[in-house]
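Below is one structure, written out as structure tokens; the observations come after it.
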Amino acid sequence: MKKLLIAYDGSEASEKAIDTAIKCCSAKDEITILTIIPAALAESTFTNMLLPTIDLSTVVQSGNFKEKAMENISKVAEKIENKVSKVDIVVEAGDPADEILITSKRLDSDIIIIGYKGYGKEGRFLLGSVTDKVVRHASRSVLVVR
């Protein structure tokens, strides 16, 4: 039995990571699909600059982003449910690379599966900055999917 952690952000590369995980896993394996909400999404300086007269706390209620992420990731999990013994979904808030590394360690996953580039800023020539940081700092194997 293997424990696979799939980093998922809805990008084409993360969809390919899901497909690759399905091809690589057996019926005895466990998969955790992780998505990360940037911690300052609702309260970012840019958002406040664009909407300076709106109190975002009255518009964006706590949990809205997490609930939407859980809803979206649940649909992805349905594709995998009948192929492995267990599928978990996890939504965290914070720095994406840090949360992937922390969650992988906490769950004692055997491998992290991640797309080569997600929806974040373009950080490097060949790899996205999140992928690059995960590959450099992971204490377990990382499969980067193109």
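Bear in mind these aren't lab numbers, they're just calculated from the coordinates by the rules spelled out. Since we're looking at a predicted model, the values are computed, not measured. Virtual Cβ from ideal backbone geometry, glycine too; neighbours counted across all protein chains shown.
Which order do the peptides 84-95, 64-75 come out in when sorted by mean C-beta neighbours inside 10 angstrom, highest first?
Per-residue mean Cβ counts within 10 Å order the peptides as 84-95, 64-75.
How long is the gain from GLU12 to ALA93 if the chain were fully straight, where each residue apart is worth 0.36 nm and the alpha carbon distance is subtracted? Please list the in-between numbers first.
Numbers: separation 81, 0.36 × 81 = 29.16 nm, distance 2.12 nm.
Result: 27.0 nm gained on full extension.
Distance cut-off 20 Å, Cα to Cα: go down the list LYS3/LYS28; LYS83/LYS133; LYS68/LYS133; LYS3/LYS86 and report the pairs above it.
The answer is LYS83/LYS133; LYS68/LYS133.
All other residues with a Cβ under 10 Å from the Cβ of ALA97 taken together, and with Lys, Arg as +1 and Asp, Glu as -1, what is their net charge?
Residues near ALA97 contribute -2 overall.
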